[in-house]
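Undergrad: I have a structure here, written as structure tokens, and I will follow up with some questions on it.
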Amino acid sequence: MPVSPLPRFIVTDAVTRAFAEDQGGRGDVTSLACIPEIQEAKFYFVAREAGVICGLQPAVEAIWQMDPDALVNVQVRDGDSVKAGEVLAAVNGQARALLSAERIALNFLGRMSGIATFTRRYVDAISGTKARIAHTRKTTPGFRAFELQAVQAGGGALHRYGLDDAILIKDNHVAVCGGVAEAVKAARDHAGHMTRVAVEIDRLDQLDAAIGAGAESVLLDNFSLADLRAAVAAASGKVTLEASGGVNLDTVHDIAQTGVDVISVGALTHSAPNFDIGLDEA
């Protein structure tokens, strides 16, 4: 599905840092040695497999950072499904610059399209249920904005972006506070009326305490299918119910059929395979 672009400063900064890492202090010594300064070239970004595309924004930024005058003709949008062999974009510009930008552009495209494609597989697996697939905070440090955009491109739902988005009381918070009810009550007393309070529980008998203390969302961690169904029967319509833990492509459909509202999947960002895209000379 189409996604909104990321703020320009986030993309520019990430691509600049990627070039600093890749080129060091001397630049692309191979292209400088082999390619005449005035040489022009045309290349195509081509999908090597079928899937969902994401990462065009940083890929184009990489091209333009190396050659601000390059002509880039993007032929698909982030969130589009493509076939193997499909051209994603055509690029005309300075050959040295385009070859220097190649790996950075492909790294962003491959990583983000891999996440988008993997997410789409989960979304398709629960089609026909009311559940939504959501990401977690298990992301690559410094790359979260890009990875979560890719989840959206694949049809996934946004969870919290960071620790400041919402209150999510995890098992260690509960342990330190002395129990589910105590932790939720403390959070509810501290939070303003605009801040949602969610709590993670790992036993069905903790559900009533969570709801009674004022939680608006309850994360059901590593629940069996039977316990997920029991939680839905007891709390559906009272709170948002989220299943997590033990979720993979073999289990996600059965989890969705229990009636939970959200299924959070850490694998979307920590285990998605890279998507194969190449840069071919015209």
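Undergrad: Taking trypsin sites (Lys or Arg not before Pro) as candidate sites, keep only those in a DSSP loop with at most 12 other Cβ atoms within 10 Å, then name the longest stretch of the chain containing none of them.
TA: Values: sites that count: ARG26, LYS83, LYS130, ARG203, LYS238.
Formally, the longest exposed-site-free interval is 131-202.
Undergrad: Next up: Report, to the nearest 10°, how far helix 144-153 tilts away from the longest principal axis of the Cα atoms in the chain, using its own Cα long axis and a range of 0 to 90°.
TA: Here the helix axis deviates by roughly 80 degrees.
Undergrad: Between LYS138 and HIS193, what length comes free when the chain is fully extended (0.36 nm per residue of separation minus the Cα-Cα distance, one decimal in nm)?
TA: 17.0 nm
Undergrad: Let me ask something else. Just to be sure I understand: of the beta bridges DSSP finds with both ends in the chain, what percent are antiparallel, rounded to 5? Numbers along the way, then the final one.
TA: On the way: 18 of 37 bridges.
Taking every DSSP beta bridge with both residues in the chain, the antiparallel ones total about 50 percent.
Undergrad: Longest segment of the chain with no chymotrypsin sites (Phe, Trp or Tyr not before Pro) in a DSSP loop having at most 16 other Cβ atoms within 10 Å? Don't skip to the answer; put the middle values down first.
TA: Numbers: sites that count: PHE143, TYR161.
Answer - 1-142.
Undergrad: In degrees from 0 to 90, rounded to the nearest 10, what is the angle of the helix 56-66 Cα long axis to the longest principal axis of the chain?
TA: For helix 56-66, the angle is close to 40 degrees.
Undergrad: Shifting gears a bit: Taking the square root of 5 times each eigenvalue of the Cα gyration tensor, what semi-axes in Å does the equivalent ellipsoid of the chain have, largest first? Write down the numbers at each step before the final one.
TA: Working: eigenvalues 392, 82, 35 Å².
Square roots of five times the eigenvalues give 44, 20, 13 Å.
Undergrad: Report Rg/Rh for the stretch 98-204, rounded to two decimals, where Rg is the Cα radius of gyration and Rh the Kirkwood radius. Before the final figure, lay out the partial values.
TA: Working: Rg = 18.1 Å, Rh = 16.4 Å.
Using only Cα positions, Rg/Rh for the stretch 98-204 is 1.10.
Undergrad: Calculate the spin-label point distance for SER81 paired with LYS170, positioning each point 7 Å from the Cα along the beta-carbon direction, and give it in nanometres.
TA: 3.5 nm
Undergrad: Hey, could you pull the Cα Rg and Dmax for the stretch 1-126, both in Å?
TA: 15.3, 53
Undergrad: Helix 180-190: angle to the longest alpha-carbon principal axis of the chain, degrees 0 to 90, nearest 10?
TA: For 180-190 against the chain, the angle is about 70 degrees.
Undergrad: What does the charge count around ALA183 come to, taking other residues whose C-beta lies under 15 Å from its C-beta (Lys +1, Arg +1, Asp -1, Glu -1)? Intermediate results must be reported in sequence, preceding the final value.
TA: Values: positive: LYS170, LYS185, ARG188, ARG196, ARG203; negative: ASP171, GLU182, ASP189, GLU200, ASP202, ASP208, GLU216, ASP221.
Overall, the nearby charge balance is -3.
Undergrad: Which log10 I(q)/I(0) values does the stretch 124-270 give at q = 0.17, 0.21, 0.22 Å⁻¹ under the Debye formula, counting every alpha carbon as one identical point scatterer?
TA: Ignoring solvent entirely, the Cα scatterers give -0.97, -1.36, -1.43.
Undergrad: Relative contact order of the chain: what whole-number percent is it, with Cα pairs under 8 angstrom and at least 6 residues apart? Could you put the intermediate results ahead of the total?
TA: Numbers: 543 pairs, mean separation 63.0, N = 282.
Averaging sequence separation for qualifying contacts and normalising by length gives 22 percent for the chain.
Undergrad: Separate question: Kindly write out, for the stretch 270-282 in residue order, the coupling ³J(HN,Hα) from the Karplus curve 6.51 cos²θ - 1.76 cosθ + 1.60 (θ = phi - 60°), rounded to whole Hz, with x marking Gly and Pro.
TA: Result, rounded to whole Hz: 9, 9, 5, x, 5, 8, 7, 10, x, 10, 10, 6, 5.
Throughout, read-outs are computed from the coordinates displayed, never taken from laboratory work. Please read these numbers as outputs of a predicted model, since none were measured by experiment. Methodologically, a virtual Cβ is constructed for each residue, glycine included, from the backbone with ideal geometry; neighbour enumeration extends over all protein chains shown.
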